[in-house]
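We did not get these values from a lab; they are worked out from the coordinates using the rules stated. This is a predicted model, so every value here is computed, not measured. Here the Cβ is made from the backbone with ideal geometry for all residues, glycine too, and neighbour counts use every protein chain on show.
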Amino acid sequence: MLKSKTFVKKTRSGGVMKVVREHYLRDDIWCGSEVCTECKQDSTVLQKDACIESSLCPYPHYLVPDTNVVLHQIDVLEDPVIRNVIILQTVLQEVRHRSAPVYKRLKDIIHEQGRHFYTFTNEHHRETFIEREPGESANDRNDRAIRVAAKWYSQHLKTPESGPDGLKVVLLTNDQSNKLKAEETGLAVYKFDEYIKSLTGNPELVDCLALSNDDKNEITSSKVLFPEHLPLSKVQAGIKSGSFLQGTFRASRDNYLEATVFVQGEGEDSTEVLIQGLQNLNRAVHQDVVAVQLLPKNQWVAPSSVVLQDDGAAKDDNVDEDEEEKVLTGPLTETARRATGKVVGIIKRNWRPFCGMLNVSQIKESTRHLFTPADRRIPRIRIETRQASTLAGQRIMVAIDGWPKDSRYPNGHFVRSLGGAGEKDTEEEVLLLEHDVPHQVFSQAVLSFLPKTPWSITPEDMAQRQDLRHLTVCSVDPPGCTDIDDALHCRELENGKLEVGVHIADVSHFIRPGNALDKEAANRGTTVYLCGKRIDMVPELLSSNLCSLRSNVERFAFSCIWEMNHKAEILKTRFTKSVINSKASLTYAEAQMRIDDANKNDDITKSLRGLNKLAKILKRKRIENGALTLSSLEVRFHIDSETHDPIDLQTKELMETNSMVEEFMLLANISVAQKIYDEFPESALLRKHPAPPPSNYDILIKAAKSKNVMIHTDSAKALADSLDVAKVDGFQYFNTLLRILATRCMMQAVYFCSGMDSDFHHYGLASPIYTHFTSPIRRYADIIVHRLLAVAIGADSTYPDLMDKHKQSALCNNLNYRHKMSQYAQRASVAFHTQLFFKTRGIINEEGFVLFVRKNAIIVLIPKFGLEGTVFFNSKDKASPSLVFDEEGPSLKVEQHTFHIFDQVKVTISLDDSNIQHQKIRMALTEPVIPGVSVPAPEAEPQAKKQKLDR
Amino acid sequence: MATVQVSEAEKVYILHGIRDDLRVDGRGCEDYRHMEVETDVVSNTDGSAKVTLGHTAVLVGIKAEIGKPRPMIANEGYLEFFVDWWVSANATPEFEGRGGEELGTELSNTLYKVFNNQHSLDLKSLCISPGEHCWVLYVDVLLLQCDGNLYDAISVAIKAALFNTKIPRVHISTDEEGGKEIELSDDPYDCMRLDVENVPCIVTLCKIGHRHVVDATLLEKACSVASLIISVTHRGIITCSRKVGRGSLDPESICEMIEAGKRVGKALHPPLMKLLQQEESLGKKRQKVGFLC
């Protein structure tokens, strides 16, 4: 049967268009229930004995939620207790239209076999399709469609054998009028919270309920705390006329009363607007897209450099904010003032479930508690729960439901518990979630695209590839590395020249464009390395086996082979797909030993020596060109093999062989970048490192000046040279500290599509063009580069998305985001392990250097542990000492003593777990001794304890 | 212009019949052939109608689009006409070759004269905001088959299609800067109807021998030297008249023909309106006939 759907819509040019779609109704859509004998279905989803302990519905029943229930209560629906649910097509479509994340979660539930969620295509079913009546709104029509479908089900399931206690259909809706209308037609219908509260077997689900509108009113006091948000139409008009600015809201990590709104302008013309004070922040949450209005110039302020945490007891809504905010105002210098504004409307909320911990309310019976997110940029959230005592001390996830204008905090609901705080698994889960690292196990769909095992190389494969199995190829990696993506060789040719080969795992052979495996890898973007854990980008079969260039097995590789003379000048470059057989997988130390051991003279060692020699020349040339050698402290943990707790830590040591491998990787990346750019000037995926704006170097120059050292920052070359000569007598560590500071001045290197940008320069490497080619197992960018190169040399076929610069550009954005997040996750993981380490160490007295000076604190770096910490000079419980901050130095005078950057200090380090919300490393000053500020140095460490730990 | 071929004997037969008020198919001189009207036949138009008159069949579709009012008449919308044919030879032999374009233009020029004026249709109601936006009704006439008397069939179909036309209701919202934004109502049933009471119908009178007939078939037309087209409203007011054909008409017979046209035209309206209203009242329950009859 044919029906047509008609609707009118506005065209972009302002006209009006009538659209007519044909809509076919069918009579072969089955109900999906085990009970049904009428429907000729092959398999059923909904169970016969659909029982759940409910005091409202003691009979077996199927649930039919309406759209708003799905949208707002998805957290409850995700609970495995909820089974046998009919998701109507009407609901599914509306959900898809209104919220993509909820839609994805709903789809995931539907695909889960054990959940018995059935999608009923009621819109195409002959008996359940309805047309919109005159005078009926779209929502009313959908509500009616849901009711009609529910009615149909309840009649359809009424089989003779089912009897009076047979299966029923329960409609769940929170809409009062819908409920009434459903009751009129004789349907079993309940409000969602009514139903959930009736589940006697699972009382904990009640906590997951999102607050509906009428509940919210009870909680909040009547006092209006925030100005009303403007309606979207006004906001849009304002943005069009330029009176408002649209941007992403970024809360400050250090100060909960301050935020910036990043306004994306045309091209490079982007600005940041400062927002200060609760009223002006106006309920915006980190990452929301907001509309801001600039304040008049005389109200502009400077960003405060105080560290301020919202960690008081749960504040009442009627607390006077003036008190909170007066800390912000300080003396204003005209130059420091920045564009300041206030939030007038929210364009798009970007709320996600947040990890954190519960602040249990002081009142015992209270069911309302504040929740403190792990991310300090997120405000605290008020939730309602009856299991506060169980949840205290656990890491939990909470979602925000709304933020009424008369509430100091947003309202939310409990989603799930992640486990005890401080436990390793829980904390790892938290930091993965907080950094948006996809870490679920690979789905069946993804795994289905893996090659069949046992895998072997076929003659067809050999025919398409160059056989390089005879070459003495070896790999050099850190110890314990299982995803080996690069291997090298070097040999002397008959003409006296040297042949150097870089062989990269041929991942693009296994991951074909567009399939589920490819999409998953593209989404993950990168492998994330945590301490003692690796979150793979591609399934393990590929990452640790088929793609990994392990020794003495035949593997596919993408080879980049140069012919060089002994001065390391490239004479010829060649790229080919190949088959290699690595002769050895070495660690950096092993390789170093072979090179140094004069007795060894086998092929591998000779090859290594040749490589090492060339690498040194290459490195020298690169540095002459102005490449920067920067420094950041990296620590390695020695992990106990049984408990997996860190027992010792050391900073990473760099060997010659590290830089040997690095040099050739750089060379391969540059060669490939040139090749793919020549071939595809519009769609090559490249990596650039923009030169930092000169103002970034201010802190570096000031800091060096305080030690009478001049740093030139006119060019990368000048910077590299002046860093090389920067030395202070009797202060060995000075140069490293300078380099650490210089690193902080740098911009982030990013991927981009060559067709979308004109500046390709890589500042840090001083290379005009650069890309990533050498680690396809752990970076998705490299896979794309492999595909581009394969097309360029005619080894593989192309596909449309590869040449589409807009799609490439979108991909780059995701990759840049994932890389940034993975770095943050890595740092967070190191920080957590450092905490675990200090947990067992008690209080330690250590030497450190002042890295930054703030208004009320100094930031100290402990080189031994690569650890950075903040020493606060003002605390709430005691009178703060006199603090004089000099911006020009920058220096901070505390009582009589003045702190400068690079000052050597001694601090005690201890784990502060008094505050269970955030365990953190606490540092306290022991030297220089400032009365009332510094603490006495601890006694020598208790010997007994240490012995026990060292075992 | 190619036409049907009529032998001398046939011509005489037809002429003599008409003289006795008895035409080849049994009609009197002022009788129409069997007429069928169906509206809302093309779903992606805003209004449509199909009319068959004997073997003549025309389809009219109306699309409403937002446009700019004509400079001289800022507070009125307007109509645009296009005449096209299904398969040229099938519709009418006159459409063969370049002749089709000529006939199409001729037809649409006449239609402009007849319909695009304030007396036929309330063009002011098509104005959205004076001088800036108005509705433009694109009237597309599709000739499906031709067996004479195209004008009458087209005019009836246009009247029916205008009756059927549903224009989405729009609101003009003004923002702070005075910029105007058109907003659509999201209810597809919220629409504006046109008042078609004064829309005229065209009556074509063919001079054959000493008499004239209405609704001439192709054969009869071949016997005629000239015809008179007049458009008549439901009150019997003539809004337009035109002579077509090679031959000439004497003033006396013109007067006679106008009188007859008035009579026939006036009688055409009431049953048509009744039919349209009847069809409308059936609403969605109406079984659509469409093109498969």
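Suppose the Debye formula is applied to equal point scatterers at every Cα of segment A:2-192; what is log10 I(q)/I(0) at q = 0.08, 0.18 Å⁻¹? Here log10 of I(q) over I(0) equals -0.27, -1.33.
Counting only other chain Cβ atoms within 10 Å of each residue's Cβ, the peptide B:183-191 averages 5. With the convex hull of the Cα atoms taken as the outline of segment A:657-794, the averaged projected area works out to 9.7 nm². Taking chain A as the reference, fit the longest principal axis to its C-alpha atoms, fit the long axis of helix A:780-792 to the helix C-alpha atoms, and give the angle between the two in degrees, 0 to 90, nearest 10. Here the helix axis deviates by roughly 80 degrees. Taking the alpha-carbon distance from A:Lys621 and a cut-off under 17 Å, which lysines remain once sequence neighbours fewer than 8 residues away in the same chain are dropped? Correct list for A:Lys621: A:Lys567, A:Lys613, A:Lys717. Amide H to amide H distances under 5 Å link A:Lys168 with A:His61, A:Tyr62, where only residues 5 or more positions off or on other chains count and H is placed in the peptide plane. When each of B:His212, A:His97, A:His286 is scored by the number of other beta-carbon atoms lying within 10 Å, the sequence from fewest to most is A:His97, A:His286, B:His212.
With both labels modelled 7 Å from their Cα along Cα-to-Cβ, the A:Gln904 to A:Glu927 distance reads 0.8 nm. Of the chymotrypsin sites (Phe, Trp or Tyr not before Pro) found in segment A:112-204, no site is in coil according to DSSP while having at most 14 other Cβ atoms within 10 Å of its Cβ. Exceedance of the 30 Å cut-off in Cα-Cα distance is limited, within the set A:Lys424/A:Lys855; A:Lys181/A:Lys405; A:Lys348/A:Lys805, to A:Lys424/A:Lys855; A:Lys181/A:Lys405. Over all distinct Cα-Cα pairs of chain B, the Kirkwood formula returns a hydrodynamic radius of 20.3 Å. The charge dipole of the protein assembly as shown, taken about its Cα centre with unit charges on the Cβ atoms of Lys, Arg (+1), Asp and Glu (-1) only, comes to about 1040 debye. Across every pair of non-identical alpha carbons in segment B:179-220, the mean reciprocal distance, once inverted, gives a Kirkwood radius of 15.5 Å.
Working ranking of peptides B:231-243, A:33-45 by packing, defined as the average number of other Cβ atoms within 10 Å per residue, highest first, is B:231-243, A:33-45. Toward the positive end of the charge dipole of the protein assembly as shown, with +1 on the Cβ of Lys and Arg and -1 on the Cβ of Asp and Glu, the farthest Cα among A:Val263, A:Val473, A:Leu789 is that of A:Val473. Divide the volume of the convex hull around the Cα atoms of segment A:353-421 by the residue count and you get 83 Å³ per residue. Expressed to the nearest 5 percent, the antiparallel share of DSSP beta bridges inside chain B is 85 percent. Between the beta carbons of A:Gln47 and A:Arg141, assuming R0 = 45 Å, the FRET efficiency works out to 0.90 to the nearest 0.05. In segment A:399-509, Cα pairs under 8 Å separated by at least six residues give a relative contact order of 11 percent.
The ranking of B:Lys221, A:Lys234 by Cβ neighbour count inside 10 Å, starting from the fewest, reads A:Lys234, B:Lys221.
The alpha carbon convex hull volume per residue for segment B:127-257 rounds to 149 Å³. If both residues of a DSSP beta bridge must be in chain A, then about 80% of such bridges are antiparallel.
Working note: 222 nm ellipticity from helices only, DSSP H runs with n ≥ 4, each -39,500 (n - 2.57), summed and divided by the residues of chain B, gives -9500 deg cm²/dmol to the nearest 500.
As a length-normalised measure over Cα pairs under 8 Å and 6 or more apart, the relative contact order of segment A:353-421 settles at 32 percent. Legend: translational diffusion of the protein assembly as shown by Stokes-Einstein, Rh = Kirkwood radius over C-alpha pairs, 25 °C, 0.890 mPa s; D = 65 µm²/s. Remark: A:Phe244, A:Phe865, A:Phe226 ranked as A:Phe226, A:Phe865, A:Phe244, counting other beta-carbon atoms within 10 Å and listing the fewest first. Pairs spanning more than 32 Å between alpha-carbon atoms, out of A:Lys452/A:Lys820; B:Lys68/B:Lys288; A:Lys10/B:Lys288; B:Lys159/B:Lys243; B:Lys113/B:Lys207; A:Lys707/A:Lys864: A:Lys452/A:Lys820; B:Lys68/B:Lys288.
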